[in-house]
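The structure appears right after this line, and notes come after that.
The values are calculated or read from the model by the stated rules, or taken from the named source; none is laboratory data. Only a predicted model underlies this, so the values are computations on that prediction, with no experimental measurement involved. Here the Cβ is made from the backbone with ideal geometry for all residues, glycine too, and neighbour counts use every protein chain on show. Remember, those area values only see protein heavy atoms, side chains included, never the ligands or the DNA or RNA. Shrake-Rupley method; radii C 1.70, N 1.55, O 1.52, S 1.80 Å.
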Amino acid sequence: MTHLATQQSESVMSSNRELKIEDVIPVIDDIIAQKRGERGSLIPVLQSTQNLLGYLPKPILIHISEKLEIPYSEVAGVVTFYSFFSTTPRGKHTIRVCMGTACYVRGGKEVLAALSKELKIGVGETTEDGHFSLEVGRCFGACGLAPVVMVDEDVHQRVKESQIKHLLEPYLEERGEEDES
Amino acid sequence: MCKLTINGKQVNVSDNSTILEAAKSVGIKIPTLCYLEGLTPMGACRVCMVEVEGRATLVAACTTPVQEEMVIHTNSRKARESRKVVVELLLSEHEGDCQLCERSDDCELRQLALELGIREVRYQGEKPPAMLDTSSVALIRDSAKCIKCRRCVQVCSEVQRVGALSAQFRGYHTTIAPAFNDALESITCVQCGQCAAVCPVGAIIETSHIEFVLKALDNPQKHVVVQTAPAIRAALGECFGLPPGTLVTGKMVSALRELGFDAVFDTNFAADLTIMEEGTELLTRLRNHFILGQETRLPQFTSCSPGWINYAEHYFPEILDKISTCKSPQQMFGAMAKTYYAQKANVDPADMVVVSVMPCTAKKFEAVRPEMRSSGYQDVDYVLTTRELGDLIKMGGVDFIALPDGEMDSPLGLSTGAADIFANTGGVMEAALRTVHAVTTGRSLASEDLHIEALAGLEGVKTASVTLSGTVDAWSFLEGKEVKVAVAHGLGNAASVVEYIRDHPAEFQFIEVMTCPGGCIGGGGQPRFTTDAVRLARIGAIYQEDEGKPLRQSHDNPAIQQIYAEFLEKPLSHKSHELLHTTYAKKEKVTP
Ligand code: SF4
Ligand code: SF4
Ligand code: SF4
Ligand code: FES
């Protein structure tokens with residue numbers, strides 16, 4: 001596609017790997033080819049793309065807009081409508097705070113506020129250094145241990161606001177090690 | 001046919017009508033806001049709610065189809081109250097400063113509030129975060145005034161097939177904007193201003209040049225010349241309450257003199273010049289095609305409409321070599337004013353200010369393109385829309401209606417009827433064919449009134465063909481040849497034509513494209529509100545102007561003959577190329 005030629009130096013981050021845009025395009029084109037016939041194929045294409053890359057880089061959105069012949073403004077309209085979609089890369093660690101009823105009433109809301117304050121990001125955002133992303137979840141099935149916070153695959157139970165720093169520590173230490181190396 | 005009752009009146013309409021159309025057919029007005037004539041109704045604003053007997057809730061008249069035996073009340077208490085609530089809610093979110101707003105004269109929201117008898121707003125809404133976007137050279141978006149009716153979205157995507165605007169974010173944060181609420185300047189927008197033309201409120205307006213023009217007029221050191229596009233004379237009267245289709249050429253000239261311009265000239269002069277250059281260019285390409293068999297730059301596309309040029313540069317780079325290299329009449333005028341006229345009038349071009357009055361917002365963009373400085377200066381300094389000229393005249397305290405008719409100055413004020421019709425769809429083509437036919441056959445077009453019937457009217461794409469017979473010696477290779485032409489207005493129609501010629505490359509030789517529906521008479525800078533009826537009335541005035549001229553073929557214009565004799569030598573001469581022609585460059589289709 002035309003615009004991509006000028007963006008060869010750009011790359012996208014996917015989980016831990018760095019991918020060149022032009023390497024990703026053929027995969028996106030496959031996704032588009034599979035979904036094209038479907039009614040409202042835009043959302044499924046966006047979902048698959050986000051599953052693949054972890055987020056939706058703007059050059060990729062432009063590519064999707066051109067391929068599906070849907071105005072870029074409309075594609076952006078859909079991406080900004082659903083909080084599920086993100087145009088910034090996910091952090092290295094994803095923190096999910098359960099907002100199911102049990103967790104919510106037993107302090108999940110306060111824990112979320114404290115995390116948000118500590119990390120200086122809102123829900124759906126990623127810290128500047130790309131280390132943490134903050135999200136909310138719907139019931140992790142551990143209501144007895146509410147409120148629950150998941151960091152990646154680790155489940156943290158009965159979390160209190162005051163324990164936030166402690167909870168994040170192991171993940172932060174690892175960041176320190178990386179910096180030194 | 002479908003039989004129904006509206007407000008006690010029997011109505012017969014076709015089955016696929018909406019309630020709104022049915023009511024209109026018997027003279028019942030239902031207030032609307034998001035509805036745009038001729039486009040798919042969106043049902044977004046809920047202003048047009050009416051009561052249908054037997055239905056639990058009110059329905060939107062613009063989207064609801066009629067049904068046999070329907071009984072409708074458009075003016076019941078329930079319907080009136082619902083409309084009031086909707087408009088009050090809009091007002092409660094609206095950053096309203098009517099006294100200071102550009103749109104206070106023709107604002108549909110203000111008008112609607114008046115008509116519905118709203119004297120207080122019973123709701124208090126928190127005003128959503130707003131953004132004033134002044135990044136574009138042609139347009140300003142003020143989201144604080146936006147009522148999210150989405151007319152601009154519809155025009156930009158459905159009519160212009162650009163799709164620069166759409167709803168971004170959700171709920172309370174929803175905003176009608178470019179992708180990710182980015183600045184207009186940073187995305188692909190062709191600057192046509194059709195969004196500004198349909199916006200019911202002051203949320204999209206042109207970037208004003210009024211202050212710059214006043215400053216130039218106040219400066220005794222400056223020689224300020226003005227040119228008016230052909231479409232202005234058929235619409236300016238509307239700014240002063242005259243009905244659409246009133247021709248005000250003479251009053252317009254007098255008003256410009258009253259405002260203090262040093263010379264009042266006509267873009268029409270440059271339109272005649274365009275025909276000389278563009279017609280010769282076409283004949284040259286036809287010669288290469290028929291004699292050498294190697295011309296690839298056919299069909300030739302017209303180049304007078306800057307929104308179309310932007311569109312082609314972004315969307316159809318593969319046809320850029322087929323577009324006429326002629327600058328638009330506005331820019332030809334600027335280049336001639338600051339060279340030829342400057343010499344003649346003994347004015348230093350550094351002290352000359354060229355002001356254009358255009359029906360168009362894209363002309364503001366065109367004037368600052370880097371290619372448009374062939375006089376050694378910016379060829380056109382400031383561009384006023386028709387609406388801005390109306391405002392300037394009012395600010396100057398000029399009683400427009402009472403003005404006597406004035407005459408344009410010589411030499412850049414002289415023109416033929418062929419130049420007038422540049423204002424409407426089909427006109428540039430007709431003007432070109434008048435000259436091409438006369439030059440190649442020595443005779444004028446066959447039709448008595450010089451019109452080409454098939455190119456008139458508001459059909460989105462029109463085609464015609466002219467067979468050249470009895471050609472003079474120099475053009476005998478065209479003997480018996482049929483020249484097939486197409487005309488498109490509205491960029492969506494232009495896109496269809498370009499897509500068609502991909503598969504039928506040899507079908508047409510010449511294609512006219514105008515960015516705005518109806519051509520310049522329907523431009524983004526014209527007085528609001530432009531409906532099809534208004535378009536037809538303005539076109540009627542333009543034809544009247546053309547038919548009233550003693551000379552109606554561009555090559556007959558004595559001032560044009562003079563400029564070639566004294567200055568340019570001949571069409572496509574070295575000097576013409578330097579001053580009157582330009583180049584185009586491929587741009588990204590979607591600029592993020
Ligand atoms: S947009 Fe209309 S209602 Fe709003 S401030 Fe302007 S004139 Fe008043
Ligand atoms: S100026 Fe034309 S292209 Fe730009 S946003 Fe408005 S309607 Fe769309
Ligand atoms: S900018 Fe104007 S036309 Fe567009 S949605 Fe807002 S109010 Fe409607
Ligand atoms: S005019 Fe019918 S919903 Fe807006």
For A:Thr94, the residues 5 or more places away or on another chain with a placed amide H closer than 5 Å to its own amide H are A:Ser133, A:Asp152
Note on the protein assembly as shown, DSSP bridge orientation, antiparallel percent to nearest 5 equals 55 percent
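Let me check against my output: what whole-number percent is the relative contact order of segment A:93-180, with C-alpha pairs under 8 Å and at least 6 apart?
Working: 133 pairs, mean separation 31.0, N = 88.
That works out to 35 percent.
Computed over the Cα atoms, what is the radius of gyration of the protein assembly as shown divided by 2.2 N^0.38 Å, N being its residue count? Write out the running numbers ahead of the final one.
Details: Rg = 30.4 Å, N = 773, 2.2 N^0.38 = 27.5 Å.
Computed over Cα atoms of the protein assembly as shown, the ratio equals 1.10.
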In whole Hz, what ³J(HN,Hα) sequence does segment B:293-300 give by Karplus (6.51, -1.76, 1.60; θ = phi - 60°), x for Gly and Pro? x, 9, 7, 9, 8, 10, x, 7
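Report relative contact order for segment B:411-562 in percent, whole number only (criteria: Cα-Cα under 8 Å, sequence separation at least 6).
Numbers: 241 pairs, mean separation 49.8, N = 152.
Answer for segment B:411-562 is 33 percent.
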In segment B:93-183 the accessible area split gives carbon plus sulfur, as whole percent at 1.4 Å, a share of 48 percent
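Ignoring ligands, DNA and RNA and using a 1.4 Å probe, state the total buried accessible area between B and A in Å², rounded to the nearest 100. Could you put the intermediate results ahead of the total?
Working: alone 23630 and 10560 Å², together 32660 Å².
So the buried area, both faces added, is about 1500 Å².
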Do you know the relative contact order of chain B, to the nearest whole percent, from alpha carbon pairs under 8 angstrom that are 6+ apart? 16 percent
Amide H contacts under 5 Å for B:Lys481, restricted to residues at least 5 apart in sequence or on another chain and with H modeled in the peptide plane, are B:Leu468
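Return one whole number: the accessible area per residue of the protein assembly as shown in Å², for a 1.4 Å probe. Display every interim value, and only then the final one.
On the way: 32660 Å² over 773 residues.
That works out to 42 Å² for each residue.
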Output the residues of segment A:63-79 meeting this criterion: accessible area (heavy atoms, 1.4 Å probe) in the chain alone minus accessible area with all protein chains in place is 40 Å² or greater. A:Glu66, A:Tyr72, A:Ser73
In nm, to one decimal, how far is the A:Ser83 label point from the B:Glu115 one, both placed 7 Å along Cα→Cβ? 4.0 nm
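Would you mind checking the pairs B:Lys145/B:Lys462; B:Lys215/B:Lys586; B:Lys222/B:Lys394; B:Lys322/B:Lys549 and listing those with alpha carbons more than 27 angstrom apart? List each step's numbers first, then the result.
On the way: B:Lys145/B:Lys462 38 Å; B:Lys215/B:Lys586 36 Å; B:Lys222/B:Lys394 23 Å; B:Lys322/B:Lys549 33 Å.
B:Lys145/B:Lys462; B:Lys215/B:Lys586; B:Lys322/B:Lys549, as the Cα separations exceed 27 Å there.
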Karplus ³J(HN,Hα) for segment B:206-216 (6.51 cos²θ - 1.76 cosθ + 1.60, θ = phi - 60°; Hz, whole; x = Gly/Pro) runs 6, 6, 7, 10, 4, 4, 4, 5, 4, 4, 5
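Using only the Cα atoms of segment B:14-162, what semi-axes does the equivalent ellipsoid have when each is the square root of 5 times a gyration tensor eigenvalue? Give whole Å, largest first. Numbers along the way, then the final one.
Numbers: eigenvalues 172, 82, 32 Å².
Semi-axes from the Cα gyration tensor: 29, 20, 13 Å.
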Which residues' amide hydrogens lie under 5 Å from the amide hydrogen of B:Gly460, considering only partners 5 or more residues apart or on another chain, with H built in the peptide plane? none
Enumerate the calculated ³J(HN,Hα) couplings along segment B:411-427 in order (Karplus 6.51 cos²θ - 1.76 cosθ + 1.60, θ = phi - 60°), each rounded to whole Hz, writing x wherever the residue is Gly or Pro. x, 7, x, 8, 7, 10, x, 4, 6, 4, 6, 4, 6, 10, 4, x, x
In segment B:508-576, GluC sites (Glu not before Pro) in a DSSP loop with at most 13 other beta-carbon atoms within 10 Å: B:Glu569
Protein-protein interface of segment B:179-208, residues with accessible area decrease of at least 40 Å², isolated chain reference, 1.4 Å probe: B:Ala179, B:Phe180
Under the rule of -39500 (n - 2.57) per DSSP H run of 4 or more residues, summed and divided by the residues of chain B, what mean residue ellipticity at 222 nm is obtained, to the nearest 500 deg cm²/dmol? -9000 deg cm²/dmol
